[in-house]
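After the structure tokens below, expect a handful of questions from me.
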Amino acid sequence: LIEVGIPFTVSKKLFFLCIPGKDVSALFPDVVNCMQTDNLELKKLVYLYLMNYAKSQPDMAIMAVNTFVKDCEDPNPLIRALAVRTMGCIRVDKITEYLCEPLRKCLKDEDPYVRKTAAICVAKLHDINAYMVEEQGFLDQLKELLSDSNPMVVANAVASLNEINEASSSGVPLMELTMPIINKLLTALNECTEWGQVFILDALSQYQPKDEREAQSICERIIPRLAHANAAVVLSAVKCLMKFMELMPADSEFAKNLHKKLAPPLVTLLSSEAEVQYVALRNINLIVQKRPDLLKHEMKVFFVKYNDPIYVKLEKLDIMIRLASEANIVQVLSELKEYAAEVDVDFVRKAVRAIGRCAIKVETSAERCVSTLLDLIQTKVNYVVQEAIVVIKDIFRKYPNKYESIISTLCENLDTLDEPEARASMIWIIGEYAERIDNADELLESFLEGFHDENTQVQLQLLTAIVKLFLKRPTDTQALVQQVLSLATQDSDNPDLRDRGFIYWRLLSTDPGAAKEVVLAEKPLIAEETDLIEPTLLDELICHIASLASVYHKPPSAFVEGRAGLRRALPKAGAGGEDGEGSVPQSTVIPSQDSLIPDLLNMDITAAPVMSQVPPLASGYASNELDLLGGGLDSLLGGGLGDLGASASPAPAATTAGLLGDIFGVGSTTSSGYVADKTVWLPANRGKGLEILGTFSRRGGIVYMDMTLQNKAMQALSNFAIQLNKNSFGVAPANMTINVTSIAPGMSSDVSVQLNTNGPMQKMDPLTNLQVAIKNNVDVFYFAVVMGIHVFFCEDGAMDKRIFLSTWKDIPSQNEVQFNIENINMNADGISNKLQASNVFTIAKRNVEGQDMLYQSIKLTNGIWVLTELKIQPGNTTVVLSLKSRATDVAQSVFEAFDAILHKP
């Protein structure tokens, strides 16, 4: 500072800016006096000081306003930009109002450096006072900068708009992306800096092309970004291309070429430093789940190097399993066997478990995998042996009666098992194949010696294994089963263990035949990929490639509080348009009777006179793009889902649910679903003699509109037809002609109209409101009915318990809604059975502090998932329903469905 001619006293004071922990706010007046200097370096230091201390001296900060305003008109563009940037960073309300006029001028400044600085300043001002930004018209000026001739100004305008958009609670995108704007962004993309390119690519990824041709055109101009040296630019380009590929047929020539071009840049990222590698691997993990063939020929780049950090090793291992196939399984197994000899215990465990996953995923490799596991068991390394036994148990489940010949080898290592999961797995094997193990009773009895010291997981498995043994060899194991039942029911304080013990005791003492059918029932095969991300959540994460969401594998709403933003989802082929991603076209309601059209079958409802507009559904809701999987297991669950163990079930049995539904998951198919009583939809005085009573039902996976048409007129009614308006669930008649020939006066006819759920969607209020038009030979009649949402509960709504647990955790806690269902005189099993008949599937049942907890899943026809928890307190007729879903709009309707189903006699 002295060398450039600045007085020593000033430089000494400003030097304190560089000393951490020193409070030099007392020097504020002296520093402000230095603002008038013409020296740019000193001015930068003064402005930096003001940024740091203006908050602590807000009244004195006003002294600097005149100089700021003056500097915003300085001939030097660096000073103009410095002044407006500093004013934006000084978060003092009293200064904010003085910023408006200088900022407005700087947004139209002739120098691009000033304009690009001012663009960012708008976002900072919006964070301080959003109302002022909108009132002063800064957003409009910011949008005008999207057409600026300077690429950096365009990039900063995009970044600023995106920042404001994410902080906005309106849910309406600020940037109306049209093809002319897209072309300007693509032009600027080639000339701006790497971070400017990231901002522009992120904006491009939110555009919804009209058709395949437009998507291809944009992709062609983005592809060169794949060769960029900056990893962030590459990943942002990959995100755009992954989204636009959804609009192209998989077998098109362009899609195939694009497929080939995406692999090399992803592989190149793995030659970077470890931290960049990890981020790249987390993103690649998502990409290979969405498009497994993309990197199927690049297996070798994911082989672990000796000097890779553990977090990189584990991520590579996971991707190797996802890419494993018949073509490369030999080299994969060879690698995994080598990894099992490493010194890092955690990595060795993952490698051994990966071998088991390979056996389950690639059936042709199962025998080779089992042989590899046996080789590892022979090493007698304790943690290797234990992991091998855990995965072999899964292999037995996947391939029953195929590899049981190795059981004797496993039993040789019984004494070395000290980890709960390994001990539980070995006990399961002994119990499941007790008839093949001569000394099975001795082996299981050895575990009973320290029964109360065992982990709960081991105790539960031991109880079940001994019961299995007794059912297979009842003559010589009676004393053993009595001993374990006594230990479980009389000497244990664990409610899960006690409940299961009592259930077994009652089963065995009342009907051993039924016990055998239940306990020794055929078990469902385990899934090949249990750790795959749920498809709708995966689609959302693909839209967040190159962000923290893709590293955490969670949507931004799960870890960023207060950011409403817009939900993102992959576009669907044929869903193009200029309304922006996830937008829902406006639809009109059914016209009033003042504008009747003679023939309903020829009537275009969307072209009818508009009476009112129905507000569009929130972005991403109007199709099965919306996912409902995602975070926050709160205190409501306590520890109830922490260890589902064997007490979890996909569905309770109709015949034995009272005792065993929560343990063995025997499905029920005997009950019929809930159907509401018919009510009057169209009274005779409005239907000119036609009276319609109706209800809705679901039969065989199809929704039906069940109606009774009554003729109270003086003439015969004929030529019936039906039309439905757009609605929240895309309900539309399969056939618009109603199959009724003629109804004579005083007569009635029962009809069922089959409804599809793939029609046009439009959010209604209430959500399940359905506007109906019925035509006959007399007139066209209009009425509205509210459907019960239970008719949209799908038959495939039973969720795997592990996915249920992770999904419940991932859905934000603010998405949880709670209701009370009064006057319910049923126990947990009765409630479970009644709800399951209407496709509400019980995933697990627990008893927590004396109250029964049912965890249930529902899948709606439009792809929405709803997770529920029911708390049933014995002796209390009030059932507490806790509901989680990403689409909280459905909560009230689901509650009403539960209430109606449970109160139906």
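Here's a check for you: in region 316-335, which residue that is surrounded by fewer than 20 Cβ atoms within 10 Å (Cβ to Cβ) and small (Gly, Ala, Ser) is nearest to Phe303 (Cα to Cα)?
Applying the filter and picking the extreme gives Ser334.
Can you tell me which residues in region 717-730 are in contact (Cβ under 8 Å) with a residue 60 or more places away in the chain, of a type in the set (S, T, N, Q) and not in a strand (DSSP E or B)?
Taking region 717-730 as the starting set, the residues that turn out to be in contact (Cβ under 8 Å) with a residue 60 or more places away in the chain are 717, 721-723, 725-726, 728-730.
Now restrict to residues that are of a type in the set (S, T, N, Q): 723, 725, 728.
Those that are in contact (Cβ under 8 Å) with a residue 60 or more places away in the chain, of a type in the set (S, T, N, Q) and not in a strand (DSSP E or B): Asn725, Ser728.
Within the bounds of region 303-314, is there any residue that is over 20 Å from Leu241 (Cα atoms), out of contact with any helix residue (DSSP H, G or I) (no Cβ under 8 Å at 6 or more places or on another chain) and not charged (D, E, K, R)?
Yes: one or more hits.
Does region 111-136 hold any residues that are out of contact with any helix residue (DSSP H, G or I) (no Cβ under 7 Å at 6 or more places or on another chain) and aromatic (Phe, Trp, Tyr), and which are they?
Of everything in region 111-136, just one residue is out of contact with any helix residue (DSSP H, G or I) (no Cβ under 7 Å at 6 or more places or on another chain) and aromatic (Phe, Trp, Tyr), namely Tyr131.
Of the numbered conditions (1) of a type outside the set (Lys, Arg); (2) in contact with a Lys or Arg (Cβ under 9 Å, 6 or more places away or on another chain); (3) closer than 30 Å to Arg498 by Cβ, Trp865 satisfies every one except a single condition; which is it?
(3)
Which residue pairs have Cβ atoms under 7 Å apart, sit 6 or more places apart or on different chains, and have a first residue in region 454-480 that is more than 16 Å from Asp496 (Cα to Cα) and a second that is hydrophobic (A, V, I, L, M, F, W, C) and assigned to a loop (DSSP other than H, G, I, E, B)?
Hits for this filter: Lys468/Leu520; Leu471/Leu520.
Evaluate the following for Asp318: is it in contact with a helix residue (DSSP H, G or I) (Cβ under 9 Å, 6 or more places away or on another chain), among the acidic types (Asp, Glu), assigned to a helix (DSSP H, G or I) and farther than 20 Å from Ala215 by Cβ?
Values: in contact with a helix residue (DSSP H, G or I) (Cβ under 9 Å, 6 or more places away or on another chain): yes; among the acidic types (Asp, Glu): yes; assigned to a helix (DSSP H, G or I): yes; farther than 20 Å from Ala215 by Cβ: yes.
When the stated conditions are applied, Asp318 passes them.
Take the residues in region 206-240 that are touching a Lys or Arg at 6+ places or on another chain (Cβ under 8 Å) and more than 18 Å from Ala159 (Cβ to Cβ); name whichever of them is surrounded by the most Cβ atoms within 10 Å (Cβ to Cβ).
We begin by selecting, within region 206-240, every residue touching a Lys or Arg at 6+ places or on another chain (Cβ under 8 Å); these are 206, 223, 226, 233-234, 236-237.
From the residues that got through so far, the ones that are more than 18 Å from Ala159 (Cβ to Cβ) too are 223, 226, 234.
Details: Ile223: 17, Leu226: 18, Val234: 23.
Applying the filter and picking the extreme gives Val234.
May I pose another question? Are there any pairs, at least 6 apart or on different chains, whose C-beta atoms fall under 7 Å, with the first in region 397-416 and in contact (Cβ under 8 Å) with a residue 12 or more places away in the chain and the second outside any helix (DSSP H, G or I) and loosely packed, with under 15 Cβ neighbours inside 10 Å, and if so, which?
Every condition considered, the pairs that remain are Arg397/Lys523; Arg397/Leu525; Arg397/Ile526; Lys398/Leu525; Lys398/Ile526.
I've got another one for you. If you take the residues of region 780-791 that are among the aliphatic types (A, V, I, L, M) and outside any loop (DSSP other than H, G, I, E, B), which of them is farthest from Arg886 (Cα to Cα)?
Among those residues, the one meeting the criterion is Val780.
Additional query: In region 497-530, which residues are among the acidic types (Asp, Glu) and at pLDDT 90 or above?
Selection gives Asp499 alone.
Quick one: would you say Val740 is hydrophobic (A, V, I, L, M, F, W, C), modelled with pLDDT under 90 and touching a Phe, Trp or Tyr at 6+ places or on another chain (Cβ under 7 Å)?
Answer is yes for this residue.
Quick one: is Leu541 assigned to a helix (DSSP H, G or I), under 37 Å from the mean Cα position of the chain (by Cα) and closer than 30 Å to Leu570 by Cα? Can you show your working first?
Values: assigned to a helix (DSSP H, G or I): yes; under 37 Å from the mean Cα position of the chain (by Cα): yes; closer than 30 Å to Leu570 by Cα: yes.
For Leu541, the condition - assigned to a helix (DSSP H, G or I), under 37 Å from the mean Cα position of the chain (by Cα) and closer than 30 Å to Leu570 by Cα - is met.
When Arg436 is evaluated against the numbered criteria (1) more than 35 Å from the chain's Cα centre (by Cα); (2) basic (Lys, Arg); (3) surrounded by 16 or more Cβ atoms within 10 Å (Cβ to Cβ), which criterion, by number, is the only one it fails?
The number of the failed condition is (3).
Here's a follow-up. Sort out which residues of region 834-852 are among the charged types (D, E, K, R) and buried (at least 23 other Cβ atoms within 10 Å of the Cβ), and write them in order of number.
Lys845, Arg846
Is one or more of the residues making up region 171-179 in contact (Cβ under 8 Å) with a residue 60 or more places away in the chain and among the small types (Gly, Ala, Ser)?
Yes, region 171-179 contains a residue that is in contact (Cβ under 8 Å) with a residue 60 or more places away in the chain and among the small types (Gly, Ala, Ser).
Test Val866 against the criterion of being touching a residue at least 24 places away in the same chain (Cβ under 8 Å), out of contact with any helix residue (DSSP H, G or I) (no Cβ under 7 Å at 6 or more places or on another chain) and of a type in the set (A, V, I, L, M), and give yes or no. Please lay out each step first, then the result.
Working: touching a residue at least 24 places away in the same chain (Cβ under 8 Å): yes; out of contact with any helix residue (DSSP H, G or I) (no Cβ under 7 Å at 6 or more places or on another chain): no; of a type in the set (A, V, I, L, M): yes.
In short, no.
If you don't mind, another one. Just checking, how many residues over region 253-277 are surrounded by fewer than 17 Cβ atoms within 10 Å (Cβ to Cβ), polar (S, T, N, Q) and farther than 21 Å from Ser205 by Cα?
Qualifying residue count for the region: 3.
Moving on. Looking at region 99-111, can you tell me whether even one residue there is touching a Leu at 6+ places or on another chain (Cβ under 7 Å) and at pLDDT below 80?
yes
Looking at Tyr782, Tyr855 in this structure, which one is hydroxyl-bearing (Ser, Thr, Tyr) and either at positive phi or surrounded by fewer than 23 Cβ atoms within 10 Å (Cβ to Cβ) (or both)?
Working: Tyr855 fails: either at positive phi or surrounded by fewer than 23 Cβ atoms within 10 Å (Cβ to Cβ) (or both).
Every option except Tyr782 fails the conditions.
Further question: Identify, please: which residue in region 763-779 is buried (at least 22 other Cβ atoms within 10 Å of the Cβ) and assigned to a loop (DSSP other than H, G, I, E, B) and is, among those, modelled with the lowest pLDDT?
Result: Met764.
All but one of (1) farther than 20 Å from Ile319 by Cα; (2) buried (at least 22 other Cβ atoms within 10 Å of the Cβ) hold for Asn413; state the number of the condition that does not hold.
Failed condition: (2).
Something else now. Going by the conditions given, is Leu139 in contact with a helix residue (DSSP H, G or I) (Cβ under 9 Å, 6 or more places away or on another chain) and farther than 17 Å from Ala155 by Cβ?
Spelling it out, Leu139 is indeed in contact with a helix residue (DSSP H, G or I) (Cβ under 9 Å, 6 or more places away or on another chain) and farther than 17 Å from Ala155 by Cβ.
Same structure, new question: Within region 146-205, take every residue that is closer than 16 Å to Cys121 by Cα and of a type in the set (S, T, N, Q) and give me the one that is surrounded by the most Cβ atoms within 10 Å (Cβ to Cβ).
Asn156
Also, I was wondering about something else. Give all pairs with beta carbons closer than 9 Å in which a residue from region 427-439 that is over 12 Å from Ile392 (Cα atoms) and of a type in the set (D, E, K, R) meets a residue that is surrounded by 17 or more Cβ atoms within 10 Å (Cβ to Cβ) and modelled with pLDDT under 85; count only pairs at least 6 apart in sequence or on separate chains.
Listed pairs, sorted by first residue: Arg436/Ile407.
Please go through (1) at pLDDT below 90; (2) within 23 Å of Leu532 (Cα to Cα) for Lys260 and return the number of the only condition it doesn't satisfy.
(2)
The values are calculated or read from the model by the stated rules, or taken from the named source; none is laboratory data. Everything numeric here is computed off the predicted structure, so don't read it as measured data. Counting neighbours? That spans all protein chains shown, and the Cβs are built from the backbone with ideal geometry, glycine included.
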